[in-house]
1. Taking the alpha carbon gyration tensor of the chain, what are the square roots of 5 times its eigenvalues, largest first, to the nearest whole Å?
2. Using packing as a proxy for protection, rank 26-33, 65-72, 42-49 so that the peptide with the highest average count of other Cβ atoms within 10 Å comes first.
3. What angle, in degrees between 0 and 90 and rounded to the nearest 10, separates the Cα long axis of helix 44-53 from the longest principal axis of the Cα atoms of the chain?
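Rule-based calculations on the coordinates, nothing more; no lab input. Just so you know, these numbers come straight off a predicted model, no measurement behind them. Glycine gets a Cβ as well: all are built from the backbone with ideal geometry, and neighbour counts include every protein chain shown.
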Amino acid sequence: MGVPVIEVPGVGVTAMTAAICEVLPLDPDFPPALMDSKLSPAPAVQAELVAASGADEHRMVERWDYYPLAREAVAIVRTGEKRTWANVILAKGVVRVTP
């Protein structure tokens, strides 16, 4: 059946990344993963994604290594973003709830 796909066609990927990370801060042991475009300079959207995540670090993943990581997702958020290389894998560990 697959993982849930959340459709948000009217929102760009950087705004959605910022919104997700505001509610679910990223696990510092698993920085955002971006597919390595091998372009120099890298597409601007990739720097925007890292900034939107609020992460201090990120990792570039080879194209064919990226797909198996994506298959491990527990949810997919599909935005209305049209730019190429505008994909990111975000990892969240345990959510701590304070009483």
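1. The three semi-axes for the chain are 21, 16, 15 Å.
2. Put in order of decreasing packing, that is 42-49, 26-33, 65-72.
3. 10
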